[in-house]
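Engineer: Below is the structure I would like to discuss, written out as structure tokens.
The values are calculated or read from the model by the stated rules, or taken from the named source; none is laboratory data. Remember, predicted model here, so these are calculated numbers, not experimental data. Neighbour counts are summed over all protein chains in view; Cβ atoms, including those assigned to glycine, are modelled from backbone coordinates with ideal geometry. Areas reflect the complete protein model, heavy atoms only, side chains present, ligands, DNA and RNA absent. Shrake-Rupley method; radii C 1.70, N 1.55, O 1.52, S 1.80 Å.
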Amino acid sequence: IIVKATDEGRPLGDAEEATGTRITLEEMDVNLNTSGKRFGVLVKQDLGKADFFEVRSIAGTTITLTAGLASTYGEGDLLYRADIIIYKIDDNAARPSLRRGNLGQDNGYQVVAQDIDNMQIRYQLSSGAWTDDPAGSESNIRAVQVFLVGRTANPQRGYRDTTTYHFANNLITHPNDAYRRQMLSSTVKTRNLGL
């Protein structure tokens with residue numbers, strides 16, 4: 001999952017604030033709603049703090065949130081709508097694929113790449129340790145390593161894949177079929193965490 005602020009954000013005015021579970025605006029000029037575009041990000045003007053939020057309801061110029069904010073925001077702080085981008089593997093045996101969905105646009109999942117068998121992710125924490133599940137330590141994530149296994153579109157006669165694919169702490173053991181596979185990995189540094 002990737003959370004990305006959109007470009008159409010704006011600073012809060014002098015009579016606007018965000019505190020607790022409410023954002024009070026002078027006018028509703030932010031592209032938020034209670035269905036597809038229900039996520040947002042508030043960022044301190046000095047970039048020292050940020051809060052991700054989900055919209056519960058909108059009444060006039062008051063936005064009620066599903067959970068409380070960790071900080072209070074006022075004049076000059078920034079308000080953005082957020083996109084939540086999710087990647088998943090459609091494990092259809094005949095044609096597996098990597099799919100991408102954007103909860104911030106509520107437009108379902110689209111195929112990004114065909115013939116992708118597997119995707120695994122692990123996280124590097126500020127301590128340097130790697131983990132498959134950063135639950136409770138999300139603010140300490142400093143890098144994300146993504147592993148993908150792609151395969152040929154068609155089986156190859158006379159070939160049998162008996163390879164064990166290693167994803168850090170996880171294994172895919174001997175697919176035992178006629179598809180050729182290759183594993184790719186990439187490490188992405190997280191620039192905006194740990195502010």
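Engineer: Any residue at all in region 44-61 that's within 30 Å of Leu98 (Cβ to Cβ), touching a strand residue (DSSP E or B) at 6+ places or on another chain (Cβ under 9 Å) and open to solvent by less than 30 Å² (accessible area, probe 1.4 Å)?
Structural biologist: yes
Engineer: Those residues that are closer than 19 Å to Asp7 by Cα, within 21 Å of the chain's Cα centre (by Cα) and not in a strand (DSSP E or B), I need them from region 45-86; list them, please.
Structural biologist: Across region 45-86, the qualifying residues are Leu47, Lys49.
Engineer: Quick one: which residue in Val112, Val188 is under 30 Å from Gln45 (Cβ atoms), in a strand (DSSP E or B), open to solvent by 70 Å² or more (accessible area, probe 1.4 Å) and at pLDDT below 95?
Structural biologist: So the residue among Val112, Val188 that is under 30 Å from Gln45 (Cβ atoms), in a strand (DSSP E or B), open to solvent by 70 Å² or more (accessible area, probe 1.4 Å) and at pLDDT below 95 is Val188.
Engineer: Restricting region 115-134 to residues that are in a strand (DSSP E or B) and hydroxyl-bearing (Ser, Thr, Tyr), which is farthest from Asp83 (Cα to Cα)?
Structural biologist: Going through the qualifying residues, I end up with Thr131.
Engineer: Contact list please: Cβ distance under 7 Å, first residue in region 1-20 and within 27 Å of Ile141 (Cβ to Cβ) and modelled with pLDDT of 90 or more, second residue in a strand (DSSP E or B) and of a type outside the set (Gly, Ala, Ser), pairs at least six apart or on different chains.
Structural biologist: Close Cβ pairs satisfying both conditions: Ala18/Leu42; Ala18/Tyr73.
Engineer: OK, next. From (1) open to solvent by 40 Å² or more (accessible area, probe 1.4 Å); (2) closer than 29 Å to Val3 by Cβ; (3) free of Cβ contacts under 8 Å to residues at least 40 places away in the same chain; (4) of a type in the set (Gly, Ala, Ser), pick out the condition that doesn't hold for Ser139.
Structural biologist: So the condition that Ser139 fails would be (3).
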